[in-house]
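Below you'll find the structure, written out as structure tokens, and then a few comments.
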Amino acid sequence: MLFGGFTTSQMKNKLGMPQNRPLADFLPTITITAKNLATEITNFNVKKDELKGEGSITGEHMRNNADVRGLLTKRGIKPEELPPEEDIQKLERKVKKEEHKLAFESKKKRLK
């Protein structure tokens, strides 16, 4: 519902990402936040309304995703049209490489 009817697989194709990777690894922060908000609303309402069964919980989650999408589109944001972010795994490798580099340079300075 959040992606205007596109499935996860279709979104992965649209973003040009591997099917075996989580969609969230490539989503912009605003989309991840929107997904988290819809999930938290669902969790809250499941407890509050004592929802039981997959059907009622799935329906609640779909309504919440649709409502969050409605807010985003009202503000001119269409999640399915946002460009992908840099691969989170590549960013993690880059950060680790930089950390090692800084640690090495720091060690060199201490030895002088």
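Looking at this structure, is LEU111 surrounded by fewer than 14 Cβ atoms within 10 Å (Cβ to Cβ) and within 22 Å of the chain's Cα centre (by Cα)? Criteria not met by LEU111. If the condition is being in contact with a Ser or Thr (Cβ under 8 Å, 6 or more places away or on another chain) and over 24 Å from LEU15 (Cβ atoms), then the range 51-98 contributes ILE57, GLU60. Of the residues making up the range 2-23, those that are surrounded by fewer than 16 Cβ atoms within 10 Å (Cβ to Cβ) and within 20 Å of GLY70 (Cα to Cα) are GLY4, GLY5, PHE6, THR7, THR8. For residues that are among the basic types (Lys, Arg) and closer than 12 Å to MET1 by Cα, scanning just the range 60-86, find the one that is surrounded by the fewest Cβ atoms within 10 Å (Cβ to Cβ). The selected residue is LYS78. Helices (runs of 4 or more DSSP H) fully within the range 1-91 that include at least 2 residues being touching a residue at least 60 places away in the same chain (Cβ under 8 Å) and over 15 Å from the mean Cα position of the chain (by Cα): 54-74.
Every read-out reported here was derived from the displayed coordinates using simple, explicitly stated rules and does not represent laboratory data. It should be emphasised that the depicted structure is a prediction, and the values quoted were computed from it without experimental measurement. Quick reminder, even Gly has a Cβ in these numbers, built from the backbone with ideal geometry, and neighbours come from all protein chains shown.
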